[in-house]
Amino acid sequence: SRILVTGANGFLGAHIVKEALDNGYIVRGTVRSAAKADELKKVFPSEKFETVIVPDLIAGDYTEALKDVTALIHSASPFAVEVNDPKKDFLDPAIDGTLNVLRAAHAAGIKRIIVTSTVGTVLSQPELMSVDYTYGSDDWLPLTYEQAASGTLPGFVVYLASKKYAELAAWDFAKEHPEIDLTVINPTVIYGPVIHPISSLKSLNASNTIIYSLINGSKAIPPDTVPVFCDVVSTAQIHVKALESKATYGKRVIFTKGPGTVYQMLQIIAKARPELADRLSPIPEADPLAGKPFSKFDTSIAVDVLGVKGLDLEETVLQTVDSLLELEKKL
Ligand code: NDP
């Protein structure tokens, strides 16, 4: 059967496309321009891969995109750490963009819908990770829409709020239209190999940029804001396996493999890739998070129901580093 994947040319989106093609689906992906469609067709030359151009998440017309489609994976959403205009940059495309594609899918008679959210929407505790607490599907980020729209918060926080209100909009829509079987995926920070088209490492996706900043010679030590990770291939597998899993209907699927602090990542790279020593960021004397409680997450649906265990931190970091080094050579 044919599925529609929005944001097909993004870091995660491209892995979802690959996973779905590998599992026998015909995949149609939305991108914003003809040039992006051409680039993506080079990544997926299969005749089972189609592209459709939807230039605008909020006002875009999905009639053509949804023709002969049986399920939707909505993954497109702005993800960056810089914000100029909270509404225009994050909140509107996330929330109204989700509602726009969900309305179109409903009008087209599509019942199965998967929406990519983030673990950030379950971070209900003010201490975020440093708390002896297990986050689960009843937890919600306490931030209000008004706070997010106020223009006083850092970009990353506004991004998390945009995902919270987009996710809530999707759940409300599914409640109003009970014939829709909605599943939401809530992954932690995703790292892994880049297979989507990028023209420069300056336009690398936001999460992999954290790892790149450790090896690009900038000697940066990014803050451990949300130091829990998962790998991109497993995250894509969760999206695709969920398509056929009734047990995930109406569920939030939280996914993480556990802590991934900057300190741990630097240790891994220093040990396994000694040739990068000159360009590696300095390893702090101790992990700033050592000795503090580290929150846990209820990943039972992803792990037990869908059977996706995820790669460990070492494998995830090294696959990412090697992919970024390859890209450096190519670009
Ligand atoms: P990318 O930035 O690599 O991909 C984002 C995708 O969404 C791209 O296809 C992009 O299109 C599209 N998009 C972004 N903004 C708009 C817009 N205003 N209008 C139309 N399309 C837009 O990010 P990721 O792959 O990392 O993120 C994919 C999804 O996963 C998002 O929903 C994100 O919130 C979620 N997520 C990501 C995590 C991570 O650590 N990476 C963690 C948890 C959740 P274009 O290329 O044209 O800009």
| note | By residue number, the members of segment 5-22 that are among the β-branched types (Val, Ile, Thr), part of a helix (DSSP H, G or I) and over 11 Å from the mean Cα position of the chain (by Cα) are VAL17
| Taking only pairs six or more apart or across chains, which ones have beta-carbon atoms under 8 Å, a first residue in segment 134-155 that is at pLDDT 95 or above, and a second residue that is of a type in the set (Lys, Arg)? | THR134/LYS296; TYR135/LYS296; SER137/LYS251; SER137/ARG252; TRP140/LYS164; LEU141/LYS164; LEU143/LYS164; ALA149/LYS87
| message | Considering only residues that are under 24 Å from THR261 (Cβ atoms) and assigned to a loop (DSSP other than H, G, I, E, B), which ones fall in segment 143-185? | response | LEU143, LEU153, PRO154
| So, in segment 89-104, of the ones that are more than 12 Å from ALA148 (Cβ to Cβ) and near the ligand (Cβ under 9 Å from one of its atoms), which residue ends up surrounded by the most Cβ atoms within 10 Å (Cβ to Cβ)? | GLY97
| query | Out of segment 39-62, which residues are among the hydroxyl-bearing types (Ser, Thr, Tyr) and in contact (Cβ under 8 Å) with a residue 40 or more places away in the chain? | reply | THR51, TYR62
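Would you be able to tell me the number of residues in segment 41-53 that are out of contact with any strand residue (DSSP E or B) (no Cβ under 7 Å at 6 or more places or on another chain) and surrounded by fewer than 18 Cβ atoms within 10 Å (Cβ to Cβ)? Break it down stepwise before answering.
Initial filter on segment 41-53 (out of contact with any strand residue (DSSP E or B) (no Cβ under 7 Å at 6 or more places or on another chain)): 42-47.
From what's left, surrounded by fewer than 18 Cβ atoms within 10 Å (Cβ to Cβ): 42-43, 45-47.
Number of matching residues: 5.
For THR225, are the conditions met, namely being within 12 Å of the ligand (Cβ to nearest atom) and out of contact with any Gly (no Cβ under 9 Å at 6 or more places or on another chain)? Walk me through how you get there before you give the answer.
On the way: within 12 Å of the ligand (Cβ to nearest atom): yes; out of contact with any Gly (no Cβ under 9 Å at 6 or more places or on another chain): yes.
Criteria met by THR225.
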| said: Can you tell me which condition THR30 does not meet? The list is (1) touching a residue at least 12 places away in the same chain (Cβ under 8 Å); (2) farther than 17 Å from PRO197 by Cα, and all the others hold. | reply: (2)
| message | For segment 186-208, give me each residue that is among the hydroxyl-bearing types (Ser, Thr, Tyr), near the ligand (Cβ under 8 Å from one of its atoms) and not in a loop (DSSP other than H, G, I, E, B). | response | TYR191, SER207
| field | segment 106-135, residues that are more than 16 Å from the ligand (Cβ to nearest atom) and either more than 22 Å from ASP224 (Cβ to Cβ) or surrounded by 24 or more Cβ atoms within 10 Å (Cβ to Cβ) (or both) | value | HIS106, ALA107, ALA108, GLY109, ILE110, LYS111, ARG112
| request: Would you check if ILE211 is within 30 Å of GLY291 (Cβ to Cβ), in a helix (DSSP H, G or I) and within 13 Å of the ligand (Cβ to nearest atom)? | output: yes
| message | Looking at segment 31-80 only, could you name the residues that are basic (Lys, Arg) and either more than 25 Å from ALA206 (Cβ to Cβ) or away from the ligand (no atom under 12 Å from the Cβ) (or both)? | response | LYS41, LYS42, LYS48, LYS67
| request: Could you figure out which of (1) part of a loop (DSSP other than H, G, I, E, B); (2) surrounded by 17 or more Cβ atoms within 10 Å (Cβ to Cβ); (3) touching a residue at least 60 places away in the same chain (Cβ under 8 Å); (4) not small (Gly, Ala, Ser) isn't true of GLN237? | output: (1)
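Condition (residue is within 26 Å of THR299 (Cβ to Cβ) and either aromatic (Phe, Trp, Tyr) or surrounded by 15 or more Cβ atoms within 10 Å (Cβ to Cβ) (or both)) applied to segment 143-154: is it met by at least one residue?
Applying the first criterion (within 26 Å of THR299 (Cβ to Cβ)) to segment 143-154 yields 143.
Retained after the next criterion (residues that are either aromatic (Phe, Trp, Tyr) or surrounded by 15 or more Cβ atoms within 10 Å (Cβ to Cβ) (or both)): 143.
Among the residues of segment 143-154, at least one is within 26 Å of THR299 (Cβ to Cβ) and either aromatic (Phe, Trp, Tyr) or surrounded by 15 or more Cβ atoms within 10 Å (Cβ to Cβ) (or both), which makes the answer yes.
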| query | Only one residue in ASP61, ASP38, ASP68, ASP56 is surrounded by fewer than 17 Cβ atoms within 10 Å (Cβ to Cβ) and outside any loop (DSSP other than H, G, I, E, B), so which one is that? | reply | ASP38
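The values are calculated or read from the model by the stated rules, or taken from the named source; none is laboratory data. Predicted model, so just to flag it, every value in this text is computed and none were measured. Reconstructed Cβ throughout: ideal geometry from the backbone, glycine too, with neighbour counts over all protein chains shown.
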